[in-house]
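Heads up: the structure comes next, in structure tokens.
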């Protein structure tokens with residue numbers, strides 16, 4: 001094949017897959033909606049209200065999840081296979097078997113028959129109830145008619161362990177570099193978020209997102225918590241669910257005398273924003289920055305760490321952002337103290353790289369980095 005022909009067989013994996021959450025109580029209508037979506041190569045949503053049983057999640061088309069239980073229907077369709085194409089190349093092209101590898105990764109509960117899957121989805125509407133202990137219930141201003149619930153779970157519950165085997169498949173699609181966690185470790189706590197809906201007297205649930213948290217031993221008799229995976233599914237993002245979940249977890253940690261602090265494992269930029277925004281709102285509400293200015297001594301930082309249970313790095317970051325808001329930039333001494341404190345922290349975090357530069361290069365690099373950091377801090381303050 002010539003390069004132009006080969007390029008027609010290459011695509012971005014994110015554009016080659018489509019994911020849908022499916023709900024409803026009419027198996028025939030559900031099956032019809034799935035079949036229509038599967039046949040529509042452009043991924044358009046059905047226009048007939050009776051068929052509107054699927055919620056689009058991304059540029060994905062071959063995986064359908066029951067909205068509550070997340071039981072799965074895997075569908076792979078194509079018009080042609082590269083095997084069938086004539087080629088003048090000395091190399092014989094052969095298509096991969098993609099069905100089995102995908103099936104092995106997704107879950108054991110994959111339905112190949114659409115009608116059987118549709119019956120399971122309809123059954124969910126009557127029978128599915130989230131596993132675990134409900135720890136919080138909330139409403140959003142944008143959807144006051146809907147109720148959302150947060151549940152706490154561990155892998156000691158076989159029912160939840162089975163459910164989690166399907167939940168974790170979202171990691172592959174939405175968390176870059178994400179990996180499955182060890183479900184035999186009882187130090188994991190998993191928090192799931194569901195929308196609870198009531199339609200004509202029937203109560204049902206739709207999965208919104210989840211968070212995994214691990215507890216580490218801290219000598220002599222305490223623990224440290226670390227958020228590992230945090231995901232709100234795309235159709236429900238930018239609505240406030242992530243902030244609700246994060247703030248509830250923070251409050252639970254603050255109320256738990258066995259936990260001394262909590263951190264986040266390898267956060268994305270989006271999660272950094274969510275975390276900064278909500279930590280700052282909380283600290284402003286507690287007047288945590290009142291009477292403080294840079295340089296802040298170690299004893300004060302240690303005291304604030306103990307009170308608010310933030311990791312040292314996150315607390316110092318919040319101090320820098322929070323005190324920037326009230327900083328009098330017209331006072332040369334105060335602004336100089338603030339600037340030098342931030343630069344010292346930047347140098348300490350990047351000492352290996354900066355120490356290899358000349359004195360002039362190091363000063364220029366710190367000046368450039370400081371300016372970039374301050375711009376980003378102002379952006380975050382606008383979010384708060």
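So is residue 209 touching a residue at least 24 places away in the same chain (Cβ under 8 Å) and touching a helix residue (DSSP H, G or I) at 6+ places or on another chain (Cβ under 7 Å) or not?
On the way: touching a residue at least 24 places away in the same chain (Cβ under 8 Å): yes; touching a helix residue (DSSP H, G or I) at 6+ places or on another chain (Cβ under 7 Å): yes.
Against the criterion (touching a residue at least 24 places away in the same chain (Cβ under 8 Å) and touching a helix residue (DSSP H, G or I) at 6+ places or on another chain (Cβ under 7 Å)), residue 209 qualifies.
Here's the yes/no breakdown for (1) surrounded by 15 or more Cβ atoms within 10 Å (Cβ to Cβ); (2) modelled with pLDDT under 95; (3) within 20 Å of the chain's Cα centre (by Cα):
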residue: 226; (1), (2), (3): yes, no, yes
residue: 236; (1), (2), (3): yes, yes, yes
residue: 252; (1), (2), (3): yes, no, yes
residue: 281; (1), (2), (3): no, no, no
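Please specify each residue of the stretch 122-167 satisfying the condition of being within 19 Å of residue 242 (Cα to Cα), surrounded by fewer than 19 Cβ atoms within 10 Å (Cβ to Cβ) and touching a helix residue (DSSP H, G or I) at 6+ places or on another chain (Cβ under 6 Å).
Within the stretch 122-167, 136, 138 qualify.
Just the residues that are under 20 Å from the mean Cα position of the chain (by Cα) and free of Cβ contacts under 8 Å to residues at least 60 places away in the same chain, please, taken from the stretch 140-154.
Going through the stretch 140-154, the residues under 20 Å from the mean Cα position of the chain (by Cα) turn out to be 140, 148-154.
Answer for the stretch 140-154, where residues must be under 20 Å from the mean Cα position of the chain (by Cα) and free of Cβ contacts under 8 Å to residues at least 60 places away in the same chain: 149, 151, 152, 153, 154.
Take the conditions assigned to a helix (DSSP H, G or I), assigned by TED's automatic domain parsing to the domain that holds residue 110, at pLDDT below 85 and surrounded by fewer than 18 Cβ atoms within 10 Å (Cβ to Cβ) and apply them to residue 15. Does it pass?
Values: assigned to a helix (DSSP H, G or I): yes; assigned by TED's automatic domain parsing to the domain that holds residue 110: yes; at pLDDT below 85: yes; surrounded by fewer than 18 Cβ atoms within 10 Å (Cβ to Cβ): yes.
The answer is yes for residue 15.
Looking at 161, 196, can you tell me which residue is out of contact with any strand residue (DSSP E or B) (no Cβ under 7 Å at 6 or more places or on another chain), in the same structural domain as residue 229 (by TED's automatic domain parsing) and touching a residue at least 12 places away in the same chain (Cβ under 8 Å)? Break it down into steps so the answer makes sense when it comes.
Numbers: 196 fails: out of contact with any strand residue (DSSP E or B) (no Cβ under 7 Å at 6 or more places or on another chain).
The unique qualifying residue is 161.
Give me the residue from the stretch 318-368 that is outside any helix (DSSP H, G or I) and within 34 Å of the chain's Cα centre (by Cα) and, out of that set, surrounded by the most Cβ atoms within 10 Å (Cβ to Cβ). Walk me through it before giving the result.
Filtering the stretch 318-368 down to residues outside any helix (DSSP H, G or I) leaves 327-331, 350, 355-358.
With the extra rule that they be within 34 Å of the chain's Cα centre (by Cα), the set shrinks to 327, 350.
Values: 327: 17, 350: 14.
Here the residue is 327.
For every residue, the table says whether it meets (1) in contact (Cβ under 8 Å) with a residue 60 or more places away in the chain; (2) out of contact with any helix residue (DSSP H, G or I) (no Cβ under 7 Å at 6 or more places or on another chain); (3) farther than 29 Å from residue 193 by Cα.
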{"residue": "246", "(1), (2), (3)": "no, no, no"}
{"residue": "264", "(1), (2), (3)": "no, no, no"}
{"residue": "273", "(1), (2), (3)": "yes, no, no"}
{"residue": "287", "(1), (2), (3)": "no, yes, yes"}
{"residue": "291", "(1), (2), (3)": "no, yes, yes"}
{"residue": "328", "(1), (2), (3)": "no, no, yes"}
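Do we find that residue 381 is surrounded by fewer than 16 Cβ atoms within 10 Å (Cβ to Cβ), within 29 Å of the chain's Cα centre (by Cα) and outside the structural domain of residue 301 (by TED's automatic domain parsing) in this structure? Talk me through it step by step, then tell me what you get.
On the way: surrounded by fewer than 16 Cβ atoms within 10 Å (Cβ to Cβ): yes; within 29 Å of the chain's Cα centre (by Cα): yes; outside the structural domain of residue 301 (by TED's automatic domain parsing): yes.
So residue 381 passes the test.
Within the stretch 287-308, is even one residue modelled with pLDDT of 95 or more, surrounded by 13 or more Cβ atoms within 10 Å (Cβ to Cβ) and within 23 Å of the chain's Cα centre (by Cα)?
No, every residue in the stretch 287-308 fails to be modelled with pLDDT of 95 or more, surrounded by 13 or more Cβ atoms within 10 Å (Cβ to Cβ) and within 23 Å of the chain's Cα centre (by Cα).
The values are calculated or read from the model by the stated rules, or taken from the named source; none is laboratory data. Because the structure is a prediction, the values reported are computed rather than measured. Cβ: placed from backbone, ideal geometry, glycine included. Neighbour counts: every protein chain shown.
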